[in-house]
Amino acid sequence: MLWSAESRTKARLRASSRLHPWFNTMTEQLAHDPDRDPQILEFTNSLCQQLGIANYHPTFVSWQVYAYENRRNPSKRKEFPPDDCLLEKYCVTLPGSMKGKLDPDEWKPIIASSLIFSKKMRRRTLNGFLLPAILFVTLAILVALELPLLFPQPFNSTDRSGNPYTVPIG
């Protein structure tokens, strides 16, 4: 039986709404704005070039009404902050409450600050934390393995005939 794309989408929506009673109210995503969204994508890509961010190329803009504290428990939702921007893999998510209230150029500072924090500062923080932690663990392992060789401890033992003798451990 061949299904059209529209009937498959409707079937998925019906099935998912049966699975979770909050489905229809929790995914309040506003419609695409054909006038402003391409402009927002254009200057987001230009900001990425200016900031030297090569690994982020959004393809669409999403306008969300709610943000989720925990995606596994969507009943804990909060309103998407009006001064926030969420940068997902291929998407720039903006607050639905601000749709149509700001011109595309007025979104530049908000998107630029999100780009700087999530794409540049997070990498610096990771390098600033991860590299010293790896070096510390490596040094600790080397010291634990090499310390007995560098500073041998005397060890008392006896041979088969019962004569005591002292040898260094390591």
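Computed from the coordinates by the stated procedures, all read-outs in this text should not be read as laboratory data. For clarity, every value in this text was computed on a predicted model and none was experimentally measured. Cβ atoms come from the backbone with ideal geometry, glycine included; neighbour counts cover every protein chain shown.
Evaluate the distance, in nm, between pseudo-label points positioned 7 Å from the Cα of ASP83 and of VAL137 along their respective Cα→Cβ axes.
Calculated label separation equals 3.8 nm.
Setting aside same-chain residues fewer than 8 positions from LYS119, which lysines have a Cα under 21 Å from its Cα?
Leaving aside lysines fewer than 8 places away in the same chain, those within reach of LYS119 are LYS89, LYS108.
So for the stretch 131-170, what percent of the C-alpha to C-alpha distances run longer than 12 Å?
Across the stretch 131-170, Cα pairs with separations above 12 Å total 67 percent.
Rounded to the nearest 0.05, what FRET efficiency is calculated for LEU102 and GLN49 with R0 set to 25 Å and r the Cβ-Cβ distance?
0.65
Residue separation times 0.36 nm, minus the C-alpha to C-alpha distance between SER161 and THR59: what's the value?
28.4 nm
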